Amino acid sequence: MNISSFQALWVVNRRFGIQCLIQVMCGLIAMGSASVALAETSRLDKVLQAKELRACIWPEYYSITYRNPKTRELSGIDIALTQELAKELGVKVRYVDSNFSQLYDALEQDRCDVATHAIGITAERLARLQFSQAYLKSGLFAVTLKNKEGLQSWDSLDQPGRVIAVAAGTLMEGIMAKSLKKAKLVKVQAPGTREQEVLSGRADAFMTDYPYSLRMIELTDWAAVIPAPNNMPTTEYAYAFAKGDNSLLLRVEAFLSNAKKDGRLLQFAKQHNLDPIVVLK
C-alpha cells in the first residue's frame, strides 16, 4: 500500500469514527433528555395521569375532615372542597388518614399530594412546607368539664397546679408552650386523646380551635368551652404541600380563588357552621 492509499484509508476511518461518536453522543443526549423529562414530570401531571388526587386528612377533625364513627362517612368543609377540586381536575380523590404529628412525613415521603385538613400556617411549618392561600382563620379555645371548680375563665387556666393538654404536632402545642408560665403543658400522642386526659382528671383542660370546639359543644354533654381573649394569636389555615414542585399548588390556588369569588367556599363554610371563621379575601 502506497502512502496516498494509506492516507485515504485513514481519512475514511477517521470520518467513520467521528460519525459513530456523534451517533453515540446523540443517543446519550436523547436518553438523558428523556430521563430528565421523566424526572421532571410535575406533581399536577402525575395527578392527572393517575386520575387520582391523594389528599391527607385527619378523620377526627370535626367540620373539617370528620369520619362519622357509626357510618364511616366523611364530612366537612375540606371534604366538600376536595370533591369540587377533583371534579375540576377530572380525577377522583383518595383520602389518606393522617394527623398533625405525621404532617411532614406524609408530604415529604410522598404519601399524599396535598394535606387538606385545615393546616395552620406557622413559621416552623413554612420552613419545610409550601402553603396555599388561607381559607379559614381561628383563635384558641379551652375545653374543660362543665362546672369545674375554679375554671370558668381564660385567666384561670395558667395557674400553679393546672395541667393543660395539647395534641402533639398541633399549632396549639407551640402557642401554649410560649404562653403558659405557671401551668404544666402535656403533649398527647395518638392513640391517646385530649378528651381522655380531661375526663380522667389527668388534665384540667385541653386546647383546641374553633372547628374542634364545635365537636365538643355538639357531640358531648360534659364539655365547657372557653374562648381565648382577643390579645391571643389567631392562625390562618390553608392546604399544605411538600417543597419543590409547585404545579399542583398553583392549580389549587386558582381553585380557591374561584371558590371564594363564586360563593362555593362560603356555601360550604355555612353548611358546616364555619362561616364565622371563613376567609374570603
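The values are calculated or read from the model by the stated rules, or taken from the named source; none is laboratory data. These figures come from a predicted structure and were not determined experimentally. Ideal geometry is used to build each Cβ from the backbone, glycine not excepted, and the neighbour counts take in all protein chains shown.
Please pick out the residue among Met172, Met176 that is more than 30 Å from Glu253 (Cβ to Cβ), among the aliphatic types (A, V, I, L, M) and crowded, with 21+ Cβ neighbours inside 10 Å. Answer to the check: Met176. Quick one: would you say Ala203 is buried (at least 19 other Cβ atoms within 10 Å of the Cβ), in contact with an Asp or Glu (Cβ under 8 Å, 6 or more places away or on another chain) and not in a helix (DSSP H, G or I)? Here the answer is yes, as Ala203 does meet what is asked.
The residue that is farthest from Gly263 (Cα to Cα), among those in the stretch 56-77 that are crowded, with 21+ Cβ neighbours inside 10 Å and free of Cβ contacts under 8 Å to residues at least 60 places away in the same chain, is Trp58. Taking the criterion of being modelled with pLDDT of 95 or more and polar (S, T, N, Q), the residues of the stretch 154-182 that qualify are Ser156, Gln159. Entry remark, the stretch 124-153: residues being at pLDDT 95 or above, more than 26 Å from Gly263 (Cβ to Cβ), of a type in the set (A, V, I, L, M, F, W, C) and over 12 Å from the mean Cα position of the chain (by Cα) number 6 in total.
Residue count for the stretch 251-281, restricted to those that are touching a residue at least 40 places away in the same chain (Cβ under 8 Å), closer than 25 Å to Arg128 by Cα and in a helix (DSSP H, G or I): 6. The criterion of being surrounded by 11 or more Cβ atoms within 10 Å (Cβ to Cβ), assigned by TED's automatic domain parsing to the domain that holds Leu129, modelled with pLDDT of 95 or more and in a helix (DSSP H, G or I) does not hold for Leu53.
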